[in-house]
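Worksheet: the structure to be examined is printed underneath.
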Amino acid sequence: MPRRSSKKRECVITGNWKMYKTIEEAKQFVENVTPKLSSSQVKVCLAVPFTAIHPTAELVKKLGAPLVIGGQNMYDATEGAFTGEIAARMLLDAGATFVILGHSERRHIFHESSSFINKKVKRALKDGLTPVLCIGELDEERHRGETNAVLESQLEASLEGVSPEDLSKMILAYEPVWAIGTGHTATPDDAEKAHLFIREFIVEKWGKKIGNAIVIQYGGSVKPSNAQELLSQENVDGLLVGGASLDPTSFSEIVNSKDL
Ligand code: PEP
């Protein structure tokens with residue numbers, strides 16, 4: 001299978017803070033990490049808890065920090081009687097420009113299906129928020145040799161009815177579930193194989209132009225010690241980082257590893 005060149009694609013590295021950090025802790029992180037970010041080749045994003053979106057977005061503006069703030073989830077309605085939920089336009093209003101959708105913790109702890117995620121993807125796109133769509137297989141699926149089939153079915157259902165124009169505004173994240181928060185990273189070779197499969201699938205369904213341009217991040221126990229090798233793979237365009245994004249030193253080392 002031909003290798004597709006990543007040379008023209010943007011490198012996007014996103015920290016996913018999950019349910020960590022108060023407003024003060026979030027602001028301290030932004031203050032600390034800003035002078036440590038030396039790579040000009042990377043778009044650096046932080047998916048922070050809802051409560052920290054507005055304060056961090058304001059601080060980023062004030063400092064002129066090279067950071068983009070986003071959310072970690074949303075609901076697909078614009079407003080209504082949906083206790084505990086948040087709308088895309090509320091995230092935008094608070095200063096978010098992107099949202100993580102379909103994270104494995106949403107799929108597996110909160111039982112979100114790909115068809116439910118599909119509704120959120122469409123709503124985010126309609127309201128002007130960039131969706132970062134996560135897909136990935138379970139350990140048992142990997143052992144049964146079902147990785148590609150799982151990726152295909154998640155992509156098909158989560159992106160159902162999304163136009164090429166809308167897809168070109170999205171980011172995809174390959175996150176093998178067995179690698180998230182476990183310390184077991186996919187080998188660079190395995191990550192590359194999965195990314196190439198995803199890209200080929202997008203090319204087949206949405207066309208060459210979109211498939212070759214779409215940014216595909218890898219996520220799953222990324223650390224300063226493995227970031228550079230993962231990023232050097234042809235079809236790995238960026239990283240989605242959980243645990244190691246909570247500390248300004250490890251997160252900045254991951255970002256700066258793009259320049260090594
Ligand atoms: C994640 O939360 O998306 C993630 C990949 O977590 P970790 O880096 O901790 O494995």
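The values are calculated or read from the model by the stated rules, or taken from the named source; none is laboratory data. None of the values given here were measured: they were computed from a predicted structure. Positions of Cβ are generated from backbone atoms using ideal geometry, with glycine treated the same way; all protein chains shown enter the neighbour counts. All accessible areas refer to the heavy atoms of the entire protein, side chains included, with ligands and DNA or RNA removed. Shrake-Rupley method; radii C 1.70, N 1.55, O 1.52, S 1.80 Å.
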Go through region 169-175 residue by residue and turn each phi into a ³J(HN,Hα) via Karplus (6.51, -1.76, 1.60, θ = phi - 60°); whole Hz please, and just put x for glycine and proline.
8, 9, 10, 10, 10, 8, 10
Counting only residues 5 or more apart in sequence or on a different chain, those whose built amide H sits under 5 Å from that of Gly15 are Cys45, Leu46, Ala47, Val241
Nearest-0.05 FRET efficiency for Glu85 and Ser163, computed from C-beta distance (R0 30 Å)
0.70
Net charge, Gly102 excluded, C-beta distance under 9 Å - Lys, Arg +1, Asp, Glu -1
+2
Can you tell me which aspartates and glutamates have their Cα less than 16 Å from the Cα of Lys27? Leave out same-chain residues fewer than eight positions away.
Glu58, Asp247
Across region 52-64, in residue order, what do the Karplus-derived ³J(HN,Hα) couplings come to in whole Hz, using 6.51 cos²θ - 1.76 cosθ + 1.60 with θ = phi - 60° and x for Gly and Pro?
9, 4, 5, x, 6, 4, 5, 5, 4, 4, 4, 7, x
Can you list the HN-Hα couplings for region 103-118, worked out from phi with the Karplus curve (6.51, -1.76, 1.60; θ = phi - 60°), rounded to whole Hz and with x for Gly and Pro?
4, 4, 5, 6, 5, 9, 7, 9, 6, 7, 8, 5, 6, 5, 5, 4
Straight-line reach from Lys119: which aspartates and glutamates have Cα under 16 Å away, leaving out those fewer than 8 places along the same chain?
Asp76, Glu79, Glu85, Asp127, Glu156, Glu160, Asp166
What number, in nm² with one decimal, is the all-direction average of the projected area of the convex hull of the alpha-carbon atoms of region 181-221?
3.0 nm²
Reciprocal of mean inverse Cα separation for the chain (Kirkwood radius, Å):
18.2 Å
Given H placed on each backbone N at 1.01 Å, which residues far from Ala173 in sequence or on other chains put an amide H within less than 5 Å of it?
Leu133, Cys134, Ile135, Gln217
Would you work out the charge dipole size for region 1-157 about its Cα centre, treating the Cβ of every Lys and Arg as +1 and the Cβ of every Asp and Glu as -1, and quote it to the nearest 20 debye?
720 debye
Mind scanning Lys223/Lys258; Lys122/Lys169; Lys120/Lys169 and naming the pairs with a C-alpha gap bigger than 22 Å?
none
When the helices in the chain are scored as -39500 (n - 2.57) per DSSP H run of 4 or longer and the sum is shared across all residues, what 222 nm value do you end up with, to the nearest 500 deg cm²/dmol?
-12500 deg cm²/dmol
Dipole check, the chain, charges on Cβ (K,R +1; D,E -1), about Cα centroid: among Val60, Gly242, Ile171 the Cα furthest to the positive pole belongs to Val60
How much accessible area per residue does region 220-260 have, counting only protein heavy atoms and a probe of 1.4 Å, in square angstrom?
34 Å²
If you roll a 1.4 angstrom probe over the protein chains with everything in place, what fraction of the accessible area of the chain belongs to carbon and sulfur, to the nearest %?
51 percent
